[in-house]
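These notes are about the structure you will find just below.
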Amino acid sequence: MKKNIVIIISALNMGGAQKVSSLLANNWAEDGHKVTVICTFNKEIKKHYSLNKSINLIELNKSNFFLNNKYLNLIWKLISLRRLIVSQNPDLVISFLARINLAASISTFGLKTKLISCERSWPPFASLDKNFFWLHRIFLKRVDKFVVQTLKSKSWLSINFPNRPVEVIPNPCEYPIISGKKDIIKPNSQILKTRKIILASGRLHKVKQFDLLIKAYSRIKDSYLNWDLVILGEGKERKLLESMVLDYSLSKRVFLPGEVGNIYEWYERADLFVLSSLIEGFPNVLLEAMSYGVPSISFDCNTGPSDIIKQGVNGLLINPQKKDRGLSEAIEELILNKEYRTKLSENSVLVREKYSVNNIMQLWNDVLEL
């Protein structure tokens, strides 16, 4: 029986939750389900992911009456969200990210529709005010089921929300990656074909610790003159990172092309991939790089990378306490050992099947009884 599904997400900008929600929406629409996607942020946010033409996309805008009062504007948006959900009369509401999960719980209070909340961070609800966690627990009792990406997150939720079912569904690995329609930047337009590339990708945000990656690269760049660093993505840290590049005299060795719609070409061109994040949920970029056979290095943060990488078999996990020195040592180890890089590359491509879209969609369909 086909379902009426509403997915609530902040926006369709670049990000792991955004990518997964768009994949789910598109696959369910193709299977004949009625799908509506509600974005809670305004229209000014740039879309990175496209949706099937049959999907009803609704963007929740700020009130024209309460623009200068964030609290009244928040109440307006909650009321508007509830009205939208009631108007759609869905069988299922699926929300992504902590603040959206809380908003969806409040907005669906008293409604009969099932609510599935998808937590993507560690620990869950980390972005919410800890002082009001007791209040969040009251509102989140509305949730019928939580979906998380790792067993560690499941354990945390099972303790803090003992009466709520929790399911573990990792992110899918889309291979091959379909090229975007915008921001096509060819690797060879930035870097000569003869040069080696150390690649990183993600929001230019402090939790991604690209500053540490630049420091790590600066330690070894004089010893390996044919290896350059590329960091893909956009964000608030751009000016800081550009300033670091200038301070370290790396303008001809470190590149920040921005967001690219053809990221698969960068994976195909890369010789190493590095994930320098302080925290992760279940990193899509790491999955993507490994699916393209890029030998990968990652900080062993609390959740995510260790669920994907088997140490020394299909990648390298680095103690986060070692910071930039740990990264530089791991990068140097792989630069010097081509056979090791080849081994990691051959084993890493196995994630294509394990986390294939078909396999992960089947997990979702089983959990939601679709």
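Highest first, please rank the peptides 11-21, 322-332, 278-288 by the mean number of other Cβ atoms sitting within 10 Å of their residues.
Highest to lowest by the protection proxy: 278-288, 11-21, 322-332.
Using only Cα atoms, tell me the angle between helix 323-336 and the longest principal axis of the chain; keep it within 0 to 90° and round to the nearest 10.
With rounding to tens, the tilt is 60 degrees.
Cβ neighbours within 10 Å, averaged per peptide: list 99-107, 208-216 in order, most packed at the top.
Per-residue mean Cβ counts within 10 Å order the peptides as 208-216, 99-107.
Using R₀ = 22 Å, calculate the FRET efficiency as 1/(1 + (r/R₀)^6) where r is the Cβ-Cβ separation of R137 and K112; round to 0.05.
0.50
Using amide H atoms built 1.01 Å from N in the peptide plane, name the residues 5+ places from Y175, or on other chains, whose amide H lies under 5 Å from its own.
V357
Under the rule of -39500 (n - 2.57) per DSSP H run of 4 or more residues, summed and divided by the residues of the chain, what mean residue ellipticity at 222 nm is obtained, to the nearest 500 deg cm²/dmol?
-11500 deg cm²/dmol, from helical runs alone.
Looking at region 187-354 from every direction and averaging, what is the projected area of its Cα convex hull in nm²?
Over all viewing directions, region 187-354 projects a mean Cα-hull area of 8.8 nm².
Pick out, from I9, I184, L23, the residue whose Cα sits farthest towards the positive end of the charge dipole of the chain, with +1 on the Cβ of Lys and Arg and -1 on the Cβ of Asp and Glu.
Selected residue: I9.
By the scheme Lys and Arg +1, Asp and Glu -1, what is the net charge of all other residues having a beta-carbon under 15 Å from that of S155?
Summing Lys and Arg as +1 and Asp and Glu as -1 gives 0.
Grab the Cα-Cα distance for A126 and R164, subtract it from 0.36 nm times how many residues apart they are, and report the gain in nm with one decimal.
11.8 nm
Can you run phi through the Karplus equation (6.51, -1.76, 1.60; θ = phi - 60°) for region 350-356 and list ³J(HN,Hα) in whole Hz, with x for Gly and Pro?
After applying 6.51 cos²θ - 1.76 cosθ + 1.60, I find 5, 5, 4, 7, 4, 10, 4 Hz.
Compute the angle between helix 338-348 and the longest alpha-carbon principal axis of the chain, please, reported from 0 to 90 degrees and rounded to the nearest 10.
It is inclined by approximately 20 degrees.
Hey, which lysines would be in cross-link range of K215, C-alpha to C-alpha under 21 Å, not counting anything within fewer than 8 residues on its own chain?
K215 reaches K196, K206, K236, K239, K252, K322, K323.
For helix 210-220, what angle does its Cα long axis make with the longest principal axis of the chain, in degrees from 0 to 90 and rounded to 10?
Orientation of helix 210-220: about 10 degrees from the principal axis.
Rule-based calculations on the coordinates, nothing more; no lab input. These numbers were taken from a predicted model, which means no experiment stands behind them. Neighbour counts are summed over all protein chains in view; Cβ atoms, including those assigned to glycine, are modelled from backbone coordinates with ideal geometry.
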